[in-house]
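The values are calculated or read from the model by the stated rules, or taken from the named source; none is laboratory data. Model, not experiment: these values are computed from the prediction. Heads up, the Cβs are rebuilt from the backbone with ideal geometry, glycines too, and the neighbour counts pull from every protein chain shown. Heads up: the accessible areas ignore ligands, DNA and RNA and are worked out on the full protein's heavy atoms, side chains in. Shrake-Rupley method; radii C 1.70, N 1.55, O 1.52, S 1.80 Å.
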Amino acid sequence: MSYDLVVYLRRSNMPSPAAWHSSIVAAGFPVALDTDFDVDAFSGFLPCQVNGEISGFEYYASAVSPEDAKGLGLASGTDFSIQFCIGSQPLELASALAASSVLAEVSGGSLEDPQAGESIPADSAVSWARVQLTQLAT
């Protein structure tokens with residue numbers, strides 16, 4: 001079973017991989033995002049260590065048209081999205097939750113969980129991810 005998360009943001013607010021990694025660590029997640037990739041051109045499996053174990057998620061970046069942003073009810077100026085696709089491994093989910101929630105927070109974007117039909121605002125994304133990780137651990 002696959003699981004997806006999507007962060008919608010302004011492209012101009014997309015951090016560099018190194019800044020994104022630093023923000024994940026600063027938020028207290030035990031996730032080490034690989035920093036050797038181009039946020040626009042890269043597509044595919046992005047490795048991340050979780051508690052020192054190799055994991056990661058599928059990463060897909062795409063432009064969001066003004067029409068699509070309006071149709072999705074996104075904030076004005078939203079023009080970019082990152083999709084996180086994971087399989088059934090708990091470490092994959094942990095890496096995607098940490099990376100997506102921190103990206104939403106630092107970019108001022110929104111985090112979407114299509115499976116649950118939830119839209120999580122930037123200022124709640126990290127706390128939402130922590131709740132999800134706590135539920136995963138039980």
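Quick check on this structure: which one of Asp34, Asp79 is acidic (Asp, Glu), open to solvent by less than 70 Å² (accessible area, probe 1.4 Å), more than 20 Å from Ala137 (Cβ to Cβ) and touching a Leu at 6+ places or on another chain (Cβ under 7 Å)?
Asp34
Yes/no matrix, rows are residues, columns are (1) more than 16 Å from His21 (Cβ to Cβ); (2) buried (at least 18 other Cβ atoms within 10 Å of the Cβ):
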position	(1), (2)
Leu46	no, yes
Asp68	yes, no
Ile86	yes, yes
Ala104	no, yes
Ser110	yes, yes
Ala122	yes, yes
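When the residues of region 48-66 are filtered to those that are of a type outside the set (Gly, Ala, Ser) and farther than 18 Å from Pro17 by Cα, which remaining residue is least open to solvent (accessible area, probe 1.4 Å)?
Here the answer is Val64.
Being among the hydroxyl-bearing types (Ser, Thr, Tyr), touching a residue at least 60 places away in the same chain (Cβ under 8 Å) and not in a helix (DSSP H, G or I) is the filter here; which residues of region 60-114 pass it?
Result: Thr78, Ser81, Ser88, Ser110.
With the requirement that a residue be open to solvent by 40 Å² or more (accessible area, probe 1.4 Å) and on the phi < 0 side of the Ramachandran plot, what does region 9-30 give you?
Of everything in region 9-30, those that are open to solvent by 40 Å² or more (accessible area, probe 1.4 Å) and on the phi < 0 side of the Ramachandran plot turn out to be Arg10, Arg11, Ser12, Asn13, Ser16, Ala18, Ala19, His21, Ser22, Val25, Ala26, Pro30.
Could you check Val25 against (1) over 13 Å from the mean Cα position of the chain (by Cα); (2) part of a loop (DSSP other than H, G, I, E, B) and say which number it fails?
Status for Val25: all satisfied but (2).
Just to check your reading of the model, which residue among Val31, Val64 is over 12 Å from the mean Cα position of the chain (by Cα) and either of a type in the set (Phe, Trp, Tyr) or more than 19 Å from Leu93 (Cβ to Cβ) (or both)?
Val64
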